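A.B. asks: Before I ask anything, let me first share the structure, which is written out below as structure tokens.
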Amino acid sequence: MLGVLAGFSVVWVVILVGYFVGRAGVLGPEGSRALSRLAFFVASPCLLLETLSRSSLAVIFSDALVVAAASAIATAVVFLALARFWFRRGLAESMVGAMSASLVNSANLGLPVAAYVLGDASLVAPVLIFQLAFFTPLFLMVLDSSTSRHRTTVAGFAVQIARNPVLIGTAVGLLLAATGWQLPELVMEPIRLIGGAAVPAMLIAFGISLNGSRPLQADGGRRADVVAASAFKLFLQPVLAWLLARFVLGMEGHLLFSAVVLAALPTAQNVFVTAARYERGIVIAKDTVLLTTIVAVPAMMLLAWLLT
């Protein structure tokens with residue numbers, strides 16, 4: 001338990017540094033965006049490549065992948081039904097709400113949590129692979145089909161997925177792990193050095209983004225949706241993950257704890273990007289991302305206390 005608390009403390013200290021950097025305007029108005037893009041397009045792929053290249057495929061493609069997929073899909077389906085038949089939202093807005101309730105921030109916070117709290121960055125790989133290769137494209141295909149202004153083919157989605165830098169880094173790392181190949185040290189050392197910037201860049205960028213954000217404004221008209229999506233994300237999804245991992249798959253100890261904590265990660269920030277693109281559910285996405293991100297660390301600390 002002390003190790004878990006220490007890990008979360010490291011994460012929060014760096015986030016607070018980012019918050020004060022943002023308040024002081026050290027990096028200017030585009031500081032958070034610049035750091036996020038650096039982490040996403042450059043540092044995170046390097047971190048995943050280096051980490052996965054020395055990982056076991058049996059650990060990555062294991063029960064953890066089943067838990068991540070099943071808990072996310074079940075949470076999304078339940079929220080979709082709630083939004084459609086209780087809140088009476090349109091299909092596109094309901095899909096954005098379902099994304100907000102089930103799509104975890106596996107990169108910006110998942111990697112730091114896996115590295116500093118769980119002790120192994122590769123533990124987040126099953127979640128990343130599921131979301132990048134299947135879950136997110138599925139949502140986008142439904143959104144495309146339910147809006148008249150945006151039409152994208154399946155081939156277009158395949159190209160978009162193949163060009164994702166995080167997925168490319170993941171794929172190369174998995175290839176190296178599967179074949180046993182090793183890149184020359186002259187090549188791997190710069191990759192390792194750049195990858196080391198991923199976690200601090202992500203956390204500082206997130207801390208900067210917390211400045212001036214106020215969720216659950218009355219004029220948004222979607223408080224019920226936001227509260228429900230946040231509750232589903234932070235409580236229903238990890239509970240489903242725990243039930244499946246513990247009583248169906250028989251997972252125990254650190255693997256069980258890792259599966260539950262990763263399911264309790266906050267809503268992914270790209271949900272808001274998706275909502276803005278399709279002009280549906282923007283308030284739900286924005287407020288759920290912020291609310292779950294603020295509450296996620298205390299919620300995960302509670303899970304740590306319950307599971308240790």
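A.B. asks: Take the range 41-58 and flag every residue that is surrounded by fewer than 18 Cβ atoms within 10 Å (Cβ to Cβ) and either modelled with pLDDT of 90 or more or closer than 26 Å to LEU203 by Cα (or both).
C.D. replies: Once the filter is applied, which keeps residues that are surrounded by fewer than 18 Cβ atoms within 10 Å (Cβ to Cβ) and either modelled with pLDDT of 90 or more or closer than 26 Å to LEU203 by Cα (or both), the range 41-58 yields PHE41, VAL42, ARG54.
A.B. asks: With respect to the numbered conditions (1) free of Cβ contacts under 8 Å to residues at least 60 places away in the same chain; (2) assigned to a helix (DSSP H, G or I); (3) under 23 Å from GLY31 (Cβ atoms), which one is the sole condition not fulfilled by GLY212?
C.D. replies: (2)
A.B. asks: Hey, among the residues in the range 253-286 that are not in a helix (DSSP H, G or I) and not acidic (Asp, Glu), which one's nearest to TRP242 (Cα to Cα)?
C.D. replies: ALA264
A.B. asks: If ASN270 meets every condition in (1) touching a helix residue (DSSP H, G or I) at 6+ places or on another chain (Cβ under 6 Å); (2) surrounded by 17 or more Cβ atoms within 10 Å (Cβ to Cβ); (3) modelled with pLDDT under 85; (4) among the polar types (S, T, N, Q) apart from one, which number is that one?
C.D. replies: (1) is the only condition that ASN270 fails.
A.B. asks: Next up: So in the range 143-157, with the set limited to residues that are surrounded by fewer than 17 Cβ atoms within 10 Å (Cβ to Cβ) and part of a helix (DSSP H, G or I), which one is modelled with the highest pLDDT?
C.D. replies: Here the answer is SER146.
A.B. asks: Does GLN160 satisfy being assigned to a loop (DSSP other than H, G, I, E, B) and at pLDDT below 90?
C.D. replies: Against the criterion (assigned to a loop (DSSP other than H, G, I, E, B) and at pLDDT below 90), GLN160 does not qualify.
A.B. asks: Next question. Checking the condition in a helix (DSSP H, G or I), more than 23 Å from the chain's Cα centre (by Cα) and surrounded by 15 or more Cβ atoms within 10 Å (Cβ to Cβ), which residue from MET202, MET188 passes?
C.D. replies: Answer to the selection: MET188.
A.B. asks: Quick check on LEU35: is it at pLDDT 75 or above, part of a helix (DSSP H, G or I) and either under 16 Å from LEU167 (Cβ atoms) or in contact with a helix residue (DSSP H, G or I) (Cβ under 9 Å, 6 or more places away or on another chain) (or both)?
C.D. replies: The answer is yes for LEU35.
A.B. asks: Identify the single condition in (1) in contact (Cβ under 8 Å) with a residue 12 or more places away in the chain; (2) more than 19 Å from the chain's Cα centre (by Cα) that VAL261 does not satisfy, given that it satisfies every other one.
C.D. replies: (2)
A.B. asks: Filter the range 252-267 down to the residues that are hydrophobic (A, V, I, L, M, F, W, C) and buried (at least 24 other Cβ atoms within 10 Å of the Cβ), then identify the one that is farthest from THR288 (Cα to Cα).
C.D. replies: ALA259
A.B. asks: If you go through the range 210-235, how many residues are farther than 22 Å from LEU111 by Cα and either of a type in the set (A, V, I, L, M, F, W, C) or touching a Ser or Thr at 6+ places or on another chain (Cβ under 9 Å) (or both)?
C.D. replies: 11
A.B. asks: Something else now. Residue by residue through the range 21-30, note down the ones that are assigned to a helix (DSSP H, G or I) and surrounded by 14 or more Cβ atoms within 10 Å (Cβ to Cβ).
C.D. replies: Of everything in the range 21-30, those that are assigned to a helix (DSSP H, G or I) and surrounded by 14 or more Cβ atoms within 10 Å (Cβ to Cβ) turn out to be VAL21, GLY22.
A.B. asks: Take the residues in the range 276-294 that are in contact with a Leu (Cβ under 9 Å, 6 or more places away or on another chain) and buried (at least 18 other Cβ atoms within 10 Å of the Cβ), then tell me which one is farthest from SER94 (Cα to Cα).
C.D. replies: Here the residue is THR293.
A.B. asks: How many of the residues making up the range 73-118 are outside any helix (DSSP H, G or I) and among the small types (Gly, Ala, Ser)?
C.D. replies: Selection size over the range 73-118: 3.
A.B. asks: Kindly list the number of the only condition in (1) more than 14 Å from the chain's Cα centre (by Cα); (2) buried (at least 17 other Cβ atoms within 10 Å of the Cβ) that fails for LEU306.
C.D. replies: Single failed check for LEU306: (2).
A.B. asks: Quick check: anything in the range 82-105 over 17 Å from VAL227 (Cβ atoms), within 15 Å of the chain's Cα centre (by Cα) and modelled with pLDDT under 90?
C.D. replies: Yes, there is a match, as at least one residue in the range 82-105 is over 17 Å from VAL227 (Cβ atoms), within 15 Å of the chain's Cα centre (by Cα) and modelled with pLDDT under 90.
A.B. asks: From the list LEU5, LEU27, which one is among the aliphatic types (A, V, I, L, M), modelled with pLDDT of 80 or more and in contact with a helix residue (DSSP H, G or I) (Cβ under 9 Å, 6 or more places away or on another chain)?
C.D. replies: Selected residue: LEU27, the only one of LEU5, LEU27 that is among the aliphatic types (A, V, I, L, M), modelled with pLDDT of 80 or more and in contact with a helix residue (DSSP H, G or I) (Cβ under 9 Å, 6 or more places away or on another chain).
The values are calculated or read from the model by the stated rules, or taken from the named source; none is laboratory data. All figures in this text were calculated on a predicted structure; none of them were measured in a lab. Cβ: placed from backbone, ideal geometry, glycine included. Neighbour counts: every protein chain shown.
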